[in-house]
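Worksheet for the structure shown next.
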Ligand SMILES: C[S@@+](CC[C@H](N)C(=O)[O-])C[C@H]1O[C@@H](n2cnc3c(N)ncnc32)[C@H](O)[C@@H]1O
């Protein structure tokens, strides 16, 4: 069975509807134009886009100052000036939550600071390895078939290796020579340990 047919079977789709490599088949693409804002969700259309992608119990791991219009949400930010529910480093939070036995999240939002996004896109081990570690630790606190929504300059986020498939992409054009912002919503459909799809 080819990749596309396997994916279609996992998603319960007909092979014609499954996401493909060469077009936006099953991936819902939204395109917006907006002035950049260092607080991503202050861009009104982006806030709406992310709110529409939320499911169940949500973790906003790099929450910043913008409050999302959603009830079942836990916020974390290293800066306590934003009054998050938890003021911890992201990796410390994921380890803490796993230990706490408080149960998994159905959606996790990852909107790390500029320098980490830059590191994701470019070179340098420093902040990049930190974000890689955070992404790996998300698997300890995410429900099977849960969603991770990542913002940055690349559409490579959780990825196929960890068992994720991309469902939605938001491309936010800021104009001129400013990098676009890319939002990616991926669903965790395959257990990377067994290689089997989640029920
Ligand atoms: C791009 S902003 C997030 C903006 C937010 N999504 C919004 O629209 O308001 C990144 C946030 O990550 C926080 N941050 C930076 N380093 C962090 C870390 N190691 N762990 C958790 N939060 C961190 C910053 O304080 C900042 O609020």
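Condition check for residue 64 on (1) at pLDDT 70 or above; (2) surrounded by fewer than 17 Cβ atoms within 10 Å (Cβ to Cβ): one failure, at (2). All conditions but one from (1) under 18 Å from residue 134 (Cα atoms); (2) surrounded by fewer than 20 Cβ atoms within 10 Å (Cβ to Cβ); (3) more than 11 Å from the ligand (Cβ to nearest atom) apply to residue 87; the one that does not is (3). When residue 140 is tested against (1) modelled with pLDDT of 95 or more; (2) under 14 Å from the mean Cα position of the chain (by Cα), exactly one condition is not met: (2).
As a summary of the residue check, residue 32 satisfies the conditions (1) crowded, with 16+ Cβ neighbours inside 10 Å; (2) within 13 Å of the ligand (Cβ to nearest atom); (3) not in a loop (DSSP other than H, G, I, E, B) except for the one numbered (2).
Considering only residues of region 58-109 that are part of a loop (DSSP other than H, G, I, E, B) and closer than 15 Å to residue 139 by Cα, which is nearest to the chain's Cα centre (by Cα)? First the steps, then the outcome.
Step one: list which residues in region 58-109 are part of a loop (DSSP other than H, G, I, E, B), which gives 61-72, 77-79, 83-85, 87-89, 101-104.
From what's left, closer than 15 Å to residue 139 by Cα: 61, 101-104.
Details: 61: 10, 101: 22, 102: 21, 103: 19, 104: 15 Å.
The residue in question is 61.
Residues to consider are 51, 55; find the one that is part of a helix (DSSP H, G or I), at pLDDT 95 or above and under 24 Å from residue 172 (Cα atoms).
On the way: 55 fails: part of a helix (DSSP H, G or I).
One residue alone meets the criteria, 51.
The values are calculated or read from the model by the stated rules, or taken from the named source; none is laboratory data. Because the structure is predicted, anything quoted here is derived from the model rather than measured. All Cβ positions, even for glycine, are placed from backbone atoms using ideal geometry, and neighbour counts span all protein chains on display.
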